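Since the structure comes first, as structure tokens, the remarks are kept for the end.
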Amino acid sequence: MALIQQCLRVCNDVAPSWAGGQEDRQEFCVREGLCAAVEQSFAWAVGQRPVIESHGAMLPSALATVCPKRLALAVSFCFRKSVERSVAALHGQRVLLGVSGGIAAYKAAELVRRLRDAGAEVRVVMTAGAQRFITALTLQALSGNPVRTSLWDEAAEAAMGHIELARWATRILIAPASADLLARLALGRADDLLTTLCLASEAPLAVAPAMNRVMWAHPATQAHVGTLRARGVEILGPASGEQACGETGEGRMSEPQVLVDALSATLVPQRLVSKRILVSAGPTFEDIDPVRFLGNRSSGRMGFALAAAAAKAGAEVTLVAGPVRLATPSGVSRIDVRSAAQMREALLSALPGQHAYIGAAAVADYRPAEIATQKIKKGDGPSSLVLERTVDILAEIASHPQRPACLLGFAAETHDVETYARGKLEAKRLDGIAANRVGVPGQGFDADENALKLYWNGGQREYATASKAAIAAGLIDWVADWLERK
Ligand code: PMT
């Protein structure tokens with residue numbers, strides 16, 4: 001006991017200066033990093049190979065070098081317990097992880113670990129292709145369960161093992177899901193153990209596609225994805241970025257933590273049943289002439305994540321989307337628009353009967369005063385562009401006779417975030433405002449993750465860096481709280 005107290009003192013001495021913040025989530029990240037890093041140093045101290053854990057690098061080097069073996073073990077134990085409490089979102093879930101063939105199969109190792117950290121029991125099924133990239137032994141060691149690789153395993157199938165496994169799963173996640181696997185799933189084939197299990201199970205299925213960007217964009221793949229989505233399969237990702245083949249584009253498997261967050265988000269309590277939620281997302285494009293426009297960097301991901309989270313909480317969701325290339329979240333009605341004027345019209349016509357409006361769209365504040373009907377030529381074009389203000393849709397909805405019971409705006413700021421956000425909360429007479437810093441890499445516009453602070457009269461809440469799906473789930477929880485109090 002004295003040893004554990006000593007450990008906690010050491011960690012508490014280190015954590016605050018390292019964290020630079022007091023919020024739960026930040027504290028969790030720090031503690032997770034601390035825990036993993038201490039495990040790392042412990043593993044080194046007893047002469048084992050280092051524990052593979054990226055957060056390990058966060059440990060202040062002083063602690064890493066001075067931490068004695070027993071101290072490290074106890075610290076690791078204490079903080080692992082803290083981590084388990086913090087992230088047991090998937091507690092009690094039995095996740096069947098399918099791994100198909102692709103270079104991203106190596107990420108399955110970390111995924112198994114993250115799923116277990118989140119409280120899930122994990123069993124792995126690998127396709128023949130997956131076994132060319134990662135061994136069953138690795139995934140068996142990490143999952144703590146035997147890995148199944150074949151439908152023709154005589155011992156397992158003596159007791160109809162595939163049916164038992166199909167019934168055991170409360171969730172099926174296939175990551176990575178190759179183009180071939182998506183095609184076989186879409187066709188309802190049962191030509192190996194994994195596809196057979198998917199046909200034989202009633203558990204919700206999620207897939208994390210991973211493939212070369214051209215393969216992902218191919219009409220055949222997109223048609224299969226469309227079929228799967230229409231069948232209720234959750235498509236997680238893919239992410240965009242550098243690919244193993246050397247190309248850059250959409251097709252990378254989403255990171256393991258993003259997948260775990262997304263899976264956790266599907267377990268949200270149905271707090272918005274019989275509620276109608278209106279969401280705006282994406283940029284608006286303000287045309288200058290038939291080929292040019294004024295736009296912004298919004299990808300629509302934040303707003304789409306909010307619409308998805310609200311639908312998962314049981315709401316009837318209408319999503320008014322600016323020009324983005326994102327798939328419609330399942331169960332959401334979508335209206336596509338281009339300009340601020342079109343967005344205003346669509347939002348106002350959808351307004352009657354809504355319980356909440358969430359304005360995540362980056363609506364243009366200005367538009368060209370005139371739109372040229374023909375392409376403006378270099379020679380005869382004006383050297384300056386005359387702009388006029390667009391209508392502030394959020395402010396208009398706030399003073400509308402059909403104002404919803406909950407009005408949640410967003411503030412995208414590069415500096416003085418709190419001051420400007422609170423100013424908008426007041427000036428636009430909102431119930432809440434979600435303030436995010438933009439102009440920094442990895443959050444805000446066109447990123448998979450975000451970090452924001454939510455302000456309302458009488459309170460505030462911080463959402464530290466996490467996937468937009470996870471942050472959206474938190475914001476939707478706040479909307480549900482607000483509506484319950486009304
Ligand atoms: O789309 P992503 O790539 O995922 O990026 C997410 C995001 C950064 C766009 C999102 O998180 C966000 O901050 N959205 C609001 C962006 C914005 O326009 O902020 P603003 O501070 O300029 O506007 C304040 C609020 O007024 C917003 O709710 C906006 O929707 C609304 N507004 C603004 C102008 C206008 N003419 N009409 C409006 O309704």
Residue count, segment 350-383 (criterion: among the polar types (S, T, N, Q), over 20 Å from Leu306 (Cβ atoms) and modelled with pLDDT of 95 or more): 1
Segment 414-428 - residue that is acidic (Asp, Glu) and either near the ligand (Cβ under 10 Å from one of its atoms) or closer than 23 Å to Arg297 by Cα (or both) and, of those, surrounded by the most Cβ atoms within 10 Å (Cβ to Cβ): Glu418
Flag for Asp431 being within 13 Å of the ligand (Cβ to nearest atom), out of contact with any Ser or Thr (no Cβ under 9 Å at 6 or more places or on another chain), at positive phi and among the acidic types (Asp, Glu): no
Residue in segment 276-286 that is assigned to a loop (DSSP other than H, G, I, E, B), assigned by TED's automatic domain parsing to the domain that holds Pro404, surrounded by fewer than 24 Cβ atoms within 10 Å (Cβ to Cβ) and not aromatic (Phe, Trp, Tyr) present: no
Pairs, first closer than 30 Å to Ser384 by Cα in segment 348-369, second among the polar types (S, T, N, Q) and more than 9 Å from the ligand (Cβ to nearest atom), C-beta under 8 Å, six or more apart: Ala364/Ser339; Arg367/Ser339
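Per-residue answers, yes or no, for (1) more than 10 Å from the ligand (Cβ to nearest atom); (2) in a strand (DSSP E or B); (3) modelled with pLDDT under 95:
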position	(1), (2), (3)
Leu385	yes, no, yes
Val391	no, no, no
His400	yes, no, no
Ala412	no, yes, no
Near pairs, Cβ below 7 angstrom, 6+ apart or cross-chain, from segment 441-466 (on the phi > 0 side of the Ramachandran plot) to any residue that is among the basic types (Lys, Arg): Gly444/Arg437; Asp446/Arg297
Pair list, Cβ under 7 Å, 6 or more apart: segment 131-142 residue assigned by TED's automatic domain parsing to the domain that holds Leu96, other residue small (Gly, Ala, Ser) and part of a helix (DSSP H, G or I): Phe133/Ala105; Ile134/Ala105; Ile134/Ala108; Ile134/Ala109; Thr138/Ala109; Leu139/Ala108; Leu139/Ala109; Leu142/Ala109
Of all residues making up segment 356-391, the number that are within 28 Å of Val317 (Cβ to Cβ) and small (Gly, Ala, Ser): 6
Candidate set: segment 287-296, residues that are assigned to a loop (DSSP other than H, G, I, E, B) and in contact with a strand residue (DSSP E or B) (Cβ under 7 Å, 6 or more places away or on another chain); chosen: the one farthest from the ligand (Cβ to nearest atom): Ile288
Restricting segment 365-376 to residues that are within 16 Å of the ligand (Cβ to nearest atom) and assigned to a loop (DSSP other than H, G, I, E, B), the residue that is farthest from Ala434 (Cα to Cα): Ala369
Scope segment 307-346; condition over 18 Å from Gly474 (Cα atoms) and either of a type in the set (Val, Ile, Thr) or in contact with a helix residue (DSSP H, G or I) (Cβ under 6 Å, 6 or more places away or on another chain) (or both); matching residues: Thr318, Leu319, Val320, Val324, Leu326, Thr328, Gly331, Val332, Ile335, Val337, Arg344
Residues satisfying the stated conditions in segment 305-364, i.e. part of a strand (DSSP E or B) and within 12 Å of the ligand (Cβ to nearest atom): Val320, Ala321, Tyr357, Ile358, Gly359, Ala362
Count - residues of segment 436-476 that are within 8 Å of the ligand (Cβ to nearest atom) and over 11 Å from the mean Cα position of the chain (by Cα): 6
Some residue of segment 249-260 being within 22 Å of Ala108 (Cα to Cα), more than 16 Å from the ligand (Cβ to nearest atom) and without any contact (Cβ under 8 Å) to a residue 40 or more places away in the chain: yes
Unmet requirement for Phe133, which otherwise passes all of (1) crowded, with 17+ Cβ neighbours inside 10 Å; (2) under 18 Å from Leu263 (Cβ atoms); (3) hydrophobic (A, V, I, L, M, F, W, C): (2)
Residue in segment 245-275 that is surrounded by the most Cβ atoms within 10 Å (Cβ to Cβ), counting only those that are polar (S, T, N, Q) and modelled with pLDDT under 90: Ser264
Out of Ile358, Ile397, sole residue that is crowded, with 16+ Cβ neighbours inside 10 Å, more than 19 Å from the chain's Cα centre (by Cα) and in the same structural domain as Ala451 (by TED's automatic domain parsing): Ile397
Residues of segment 196-215 classified as assigned to a helix (DSSP H, G or I) and crowded, with 22+ Cβ neighbours inside 10 Å, total: 2
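The values are calculated or read from the model by the stated rules, or taken from the named source; none is laboratory data. Source: prediction; values computed, not measured. Note that each Cβ is placed from the backbone with ideal geometry, even for glycine, and that neighbours are counted across all protein chains shown.
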